[in-house]
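Undergrad: I'd like to ask you about the structure that follows.
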Amino acid sequence: NYFTKEGFGALVARFGADVRVELSTPVRKILWDVPGVACVTDRGTIRAKAVIVTASPAVLAFEEIEFAPALPDTHFAAFF
C-alpha cells in the first residue's frame, strides 16, 4: 500500500474497470493456431491476442478444456 493512497485493491480495480467480465462461462476449447487465440464457451467464441489459463492441473489433465492443436506432450505431462 506504500505506492497508492487507496490501497492495492483499488489500484487493481481501477486498472480492470474497462475489462468486460463474464461469470459462469466455462471455456470448452482453446484454439491457439489462429491469429491470437480463440476461446470457445457456451456463450460463444471470444477472440484475443493472448490468454492466461488459470484452470487447475486436474482440469487440464482430464482434458476438460480441449486445446486445438493439442498441447505438446511436454506441456501435457506437467499436469500430472
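Here, each number is a calculation from the coordinates, and none is a lab measurement. Computed from a prediction, not measured in an experiment: that's the story for all the values here. Glycine also receives a Cβ, built like all others from the backbone with ideal geometry; neighbour counts cover every protein chain displayed.
Undergrad: Go through Val27, Ala58, Thr74 and say which Cα lies farthest out towards the positive end of the charge dipole of region 27-80; charges sit on Cβ, +1 for Lys and Arg, -1 for Asp and Glu.
TA: Of the options given, the answer is Val27.
Undergrad: How big is the charge dipole of the chain about its Cα centre, in debye rounded to the nearest 20, if each Lys and Arg gets +1 on its Cβ and each Asp and Glu gets -1 on its Cβ?
TA: 360 debye
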